[in-house]
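Some notes on the structure that comes next.
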Amino acid sequence: MKTLTKAEEQVMQALWKLHKAFLRDIVNAMPAPKPHQNTVATLLKILAEKEFAGIHVLGRQHEYYPLVSKEEYSKRTIKQMVKGYF
């Protein structure tokens, strides 16, 4: 599994909290200072390429949903950290 940058992880935190959401909902769920909508859209595109988020196309809008659970990501991140430490 690929690792996430800090910005990607913030977007995933919002997506995990919402389960399914549109771009505007994700931006609103993020902590202040809120990033620009274009920045979040770019991060969501990267997350889809890394196979962390899926996209449902509904007309001109995209609905995003997590492909990796928060628990699974946390477990793998801790394993990689421990493996790298020892």
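Every number here is computed from the coordinates shown, using simple stated rules; none is lab data. Source: prediction; values computed, not measured. Here Cβ is always computed from backbone atoms with ideal geometry, including for glycine, and neighbour counts include all displayed protein chains.
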Distant-in-sequence amide H partners of Val68 (H built 1.01 Å from N, under 5 Å): none
Computed [θ] at 222 nm, helices only, for the chain once each DSSP H run of length n ≥ 4 contributes -39500 (n - 2.57): -18000 deg cm²/dmol
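Roughly speaking, what is the stretch gain from Arg76 to Lys6, that is 0.36 nm per residue apart minus the C-alpha to C-alpha distance, in nm to one decimal?
Gain in length upon complete extension: 23.6 nm.
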Fully extended contour minus Cα-Cα distance, from Lys50 to Leu18, at 0.36 nm per residue: 9.6 nm
Helix axis angle, 6-18 relative to the chain longest principal axis, alpha carbon, degrees: 70
Mean shadow area of the stretch 3-44 over all directions, Cα convex hull, nm²: 2.7
Dipole of the chain [Lys/Arg +1, Asp/Glu -1 at C-beta], most positive-end residue of Ile26, Val68, Met81: Met81
Per-peptide average of other Cβ atoms within 10 Å, ordering 74-81, 12-19 highest first: 12-19, 74-81
Loop GluC sites (Glu not before Pro), the stretch 37-86 (other Cβ atoms within 10 Å of the site Cβ: 14 or fewer; DSSP): Glu51
